[in-house]
Amino acid sequence: MKKLIFSTALILCLVMLAGCSKNKEIDTNNIQKNTLLITKEGTLEAGTVESFDKAYYNLTELDKYVTDKINQYNTAKGNEVITKKNLELKGSNAVLVITYATIDDYNSFNQTDVKLLNTGDVNNAGIDLPQNFSAAKKNKTVTLSKAFENNKYKVLVLKEKLDVLLQGTIKYYSGGTLVDKHHIESADNATTIIIYKP
C-alpha cells in the first residue's frame, strides 16, 4: 500500500513539475528557429538562429560584437536592461539568446515594432484589427468584440516570423499557426495578433 501511495505521489509531482516548467526559459539547446518568449512578469527572452557555415566566420568575434552592442545599449540606458544569456555554435548555426527587461528594450535594440498591450489599450494604439479571431481552445471563429471582452488579457502584435512562446494561455489569435495553448508560429510578412491570459 505504501509503495502504491509513493508511486502515485511521485507521478503527481512529475506531472506538476512538467506543467510548471512549460516555457520557463529558452536557451541554445531548445530552439531551432528565431524564438520569442514573454514571461508572466513582462520580461522577454529572444533566441536568434543564423547560418554560420563560412570558414571565415569567427564565433569569438561575433561574441565580442554582441557584447559590445549590449554594453553600449545598457550604458545609454543607465542600467543593465539587456543581458546576453547564451551564444553557441550548433551544427552550422550560431544560436544567440538575449534577455530584455521590457518590450521597449526589445524593440529599440532590434529596431522592431512589436506591441504588448492590455486589451483595454488596443483601441488607442492605432492597430488595424480584423473583425474575427480564431479561438484557441474550441477551434472556432469569434467576433472582435468577443475576443477583446476580457480586459485582464494581454495583446501581442507582431509582423515578423517567430516562434512565440508565452508564460500564459493563448485565448484568441489572428494570423500565424497555433501549435498549442502556449505556442504560436507567427505569420511571415503579415500581422499576427495574439490575445492571451498572463
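Tabulated values for the structure
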{"item": "Matching option when the condition is part of a loop (DSSP other than H, G, I, E, B) and either in contact with a Gly (Cβ under 6 Å, 6 or more places away or on another chain) or open to solvent by less than 50 Å² (accessible area, probe 1.4 Å) (or both), among L116, L129", "result": "L129"}
{"item": "In segment 107-136, the residues that are of a type in the set (G, A, S) and over 18 Å from the mean Cα position of the chain (by Cα)", "result": "G120, A125, G126, S134, A135"}
{"item": "Residue among G47, G42, G91 that alone is within 29 Å of I184 (Cα to Cα), surrounded by 18 or more Cβ atoms within 10 Å (Cβ to Cβ) and of a type in the set (G, A, S)", "result": "G47"}
{"item": "Filter result for I103 (among the β-branched types (V, I, T), more than 19 Å from K33 (Cα to Cα) and either open to solvent by 40 Å² or more (accessible area, probe 1.4 Å) or within 17 Å of the chain's Cα centre (by Cα) (or both))", "result": "yes"}
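The values are calculated or read from the model by the stated rules, or taken from the named source; none is laboratory data. These numbers were taken from a predicted model, which means no experiment stands behind them. Cβ coordinates were reconstructed from backbone atoms using ideal geometry, including for glycine residues, and neighbour counts include every protein chain displayed. Note: accessible area is taken over every heavy atom of the protein model, side chains too, but ligands, DNA and RNA are not part of it. Shrake-Rupley method; radii C 1.70, N 1.55, O 1.52, S 1.80 Å.
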